[in-house]
Amino acid sequence: MSDPALLDALRAAAGAKAVRMDPESLALAASDLHVEGARPAAVVRPYTAEAVAASIAAATSRGYAVLPRGGGLSYTGGYAPPSGKAVTIDVGGLNRILEIAEDDMVVTVEAGVTWKQIYEALRSRGLRLPFFGTFSGAGATVGGGLSHGALFFGSARYGSAAETVLGLDVALADGTWLRTGQKALAAGSKPFLRSFGPDLTGLFIHDGGAFGIKTRASLRMIRAPEAQGYASFAFADLPRAADALSGIARADLAEEVYILDPAAAHSVADAPGRTAWAVLRGAGGPAAAMRALAELSRGGTRPIPAGCYSLHLVAAGRSDQAVRHDLARAARIATGASGRRIASTVPRVARAMLFSSLDAVLDADGGRWAALNAKVAHSDARNLISAFDAMIAPHLSEMAAKGVTLTRLASALGNHSFSFEPVFHWRDAWLPAHRRALSPARVEVLSEPAANPDARALVDGLRRATVALFRRLGAASNQIGRTYPYLEALSPAPASLVRSLKRLLDPGCLMNPGVLGLTRETVS
C-alpha cells in the first residue's frame, strides 16, 4: 500500500477486517468475466450502509476513484478499475433482507442480497417479485442488477429489475445519503410509492454506480401465481422464431419467452437423471408431476430437433384454466409462424432448477464465453437479426480457424421489446471471477485451457464491431458498463443533462469513472 493514510482511513470507516489488500482479492476486483482492468489500491467489504458511505468519503477525499462490485458476474467492465488509484467497494457484506411488509406488498433489502435469497425468503409466504431473478441469481446481487439492468425470470410480463423498484438508499461521492421514492419525504414515509414528483429513483437505475452506490432497495411484491404451464416449439430459422416470440410477447401470454440457438440448447439438460428429478420436483403436485413425467417420456431430455432454433415459454396465472387458455393462444401464434410443437423440457428444467449453481460462467467444456445484447422494438427484430448476420459473415472463416464459435439467443422484455443476444465462445485461460464462481464439483472435472490471445483478440474485435452495429441501429443495451457507448450516443440535450447530473452528484468524477462514458474529460 503506497498510501498508508488511505489505509488507515478505510479501516476507521469500515473496520480493519473489512479492508482487504491480499493479491487474490485485488485480482478478483480487477476483472469481471471478460474485461480486465487495473488492480485497485484496496478492496473494502463493508457490513453496514453507514460503513459504505464512510468508506466512499475516505477514498474520494484523497482523490481515489470508487468502484462498486456486487456478485461480480458481469462482462462489460462495469467495475474493472481504469487505473490503480481506486478503491473497490464490495457490497456483498450488505446481505440482509430488512423487511417483508406483506400488508404493503413491499420487501426492503440491502444491496448485496442475491435474487435467490429474496426468492427463497418470499416463497414460503406465497409471495414473489414480479421480475424475480437472472440465471445467475445464486450469486448476482440486487445492487448489481439495478445498476446493470438485470432481467430474465418474469421479464416477458413484468420487465426488468428496474420496474420492481419503489425506492433506494444511495451513498453519494462525498459520503452523504440520498433517499428516493416516498422515503425521500422529510416527514418520513413507508416505501410504498416510487414517483411522488419527479422520478429520482430512475436516476440511479442502470447507472453502473456512476452517480452513487446503492445500499438498500425497496421492491414491490406480487402473489405467486397459483398455476403455471410450459410449451416449446422448433423452428427452421431464427427470423420465424423471432416472429413467434414477438407475437407471444405482444399478447402478454408468458412470464418468460425465449429462443435458444441450436448449439445452445444442449446445455440446459446435461444429465437425464438430474433433469427428470428437477422437473418432477418443480412440477407442483402429484398430478402435474405425472403429466411432466409423461412428456419427458415422450420427448426425452433432449427434445429439440437437430439444427432447429427452439422457442420456450412459461405461462402463469391464477388458475389452470387461465394457463391452458394462454398456452393455447401461444401455440396458435407459434404454429402460425411455422413452429412445430416439441416437448417442453427446457422451460421445465429452467424453472425447476432455479438458481442452482454458477457453473454456467463457463461452457460445458470449460471454454469461455462473452455475450452482448441489443434491445429493439418488435417491428425491428428481423432487421436486427439480418444486419448482425451480414456483419458477422465475412469473419466466419477466421472464427473457424481460431476456434471461435457463435450462438444467438433472444427473449422478450415486456410486451414492447425484443432482446437479441449474440454470444461468442472460445477456449482460453480463465479469469479470477470464473474460478471464484465455479462449484467445487465442476472444478474437479474441468481443466483450465491454455491462454489463447489470438482468439481473445478476435472476440474483442468482433464485440467492438457488434457494439458499433447496435449503435447504428439505435438499439438499447442493458449492462452498459464500459463496453457500450452511452454518453456519446445521446443527442445533445440529454447528453448535457447527464453531464450536469454527474457534475452535481460527483464533481470530482470519482464514482466509477468511465462507466456510461463519464470521465473528467467528457463531463467538463
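The values are calculated or read from the model by the stated rules, or taken from the named source; none is laboratory data. Being a predicted model, the structure only gives us computed values, none of them experimental. All Cβ positions, glycine included, derive from the backbone under ideal geometry; neighbour counts span all protein chains shown. When the accessible area is computed, the model is the full protein with side chains, heavy atoms only, and any ligands, DNA or RNA have been set aside. Shrake-Rupley method; radii C 1.70, N 1.55, O 1.52, S 1.80 Å.
Somewhere in segment 299-318, is a residue out of contact with any His (no Cβ under 7 Å at 6 or more places or on another chain), basic (Lys, Arg) and in a helix (DSSP H, G or I)?
Filtering segment 299-318 down to residues out of contact with any His (no Cβ under 7 Å at 6 or more places or on another chain) leaves 299-301, 303-318.
Right, trim to basic (Lys, Arg) and you get 318.
Still in the running and in a helix (DSSP H, G or I): none.
No, segment 299-318 contains no residue that is out of contact with any His (no Cβ under 7 Å at 6 or more places or on another chain), basic (Lys, Arg) and in a helix (DSSP H, G or I).
Here ARG442 fulfils each of the conditions (1) crowded, with 18+ Cβ neighbours inside 10 Å; (2) over 25 Å from GLY143 (Cα atoms); (3) touching a residue at least 60 places away in the same chain (Cβ under 8 Å); (4) in contact with an Asp or Glu (Cβ under 6 Å, 6 or more places away or on another chain) apart from (1). Annotation: of all residues in segment 134-148 being among the small types (Gly, Ala, Ser), within 22 Å of HIS312 (Cβ to Cβ) and under 11 Å from the mean Cα position of the chain (by Cα), the one that is least open to solvent (accessible area, probe 1.4 Å) is GLY137. Only residues in segment 377-395 that are in contact (Cβ under 8 Å) with a residue 12 or more places away in the chain and under 13 Å from PHE470 (Cβ atoms) count as the first member; pair them with residues that are open to solvent by 70 Å² or more (accessible area, probe 1.4 Å) and assigned to a helix (DSSP H, G or I), Cβ under 9 angstrom, at least 6 apart or cross-chain, and list the lot. These pairs meet every condition: ALA387/ARG472.
Scanning segment 77-128 for residues that are under 23 Å from GLU50 (Cβ atoms) and small (Gly, Ala, Ser), we see that the one that is surrounded by the fewest Cβ atoms within 10 Å (Cβ to Cβ) is ALA101.
Conditions tested, residue by residue: (1) under 23 Å from the mean Cα position of the chain (by Cα); (2) over 27 Å from ASP359 (Cα atoms); (3) at pLDDT below 95; (4) open to solvent by less than 30 Å² (accessible area, probe 1.4 Å).
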{"position": "SER417", "(1), (2), (3), (4)": "yes, yes, no, yes"}
{"position": "VAL423", "(1), (2), (3), (4)": "yes, no, no, yes"}
{"position": "ARG463", "(1), (2), (3), (4)": "yes, no, no, yes"}
{"position": "LEU501", "(1), (2), (3), (4)": "no, yes, no, no"}
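Can you say whether PHE131 is open to solvent by 20 Å² or more (accessible area, probe 1.4 Å), under 12 Å from the mean Cα position of the chain (by Cα) and either closer than 30 Å to PRO485 by Cβ or modelled with pLDDT under 95 (or both), as far as the supplied structure shows?
Criteria not met by PHE131.
Within segment 20-49, residues that are part of a helix (DSSP H, G or I) sit with their Cβ atoms under 8 Å from residues that are among the aromatic types (Phe, Trp, Tyr), at 6+ positions apart or across chains, in these pairs: ALA29/TYR79.
Only one of SER386, SER379, SER397 is part of a helix (DSSP H, G or I), small (Gly, Ala, Ser), open to solvent by 70 Å² or more (accessible area, probe 1.4 Å) and under 23 Å from PRO239 (Cβ atoms). Can you tell me which? Please lay out each step first, then the result.
Numbers: SER386 fails: open to solvent by 70 Å² or more (accessible area, probe 1.4 Å); SER397 fails: under 23 Å from PRO239 (Cβ atoms).
It is SER379.
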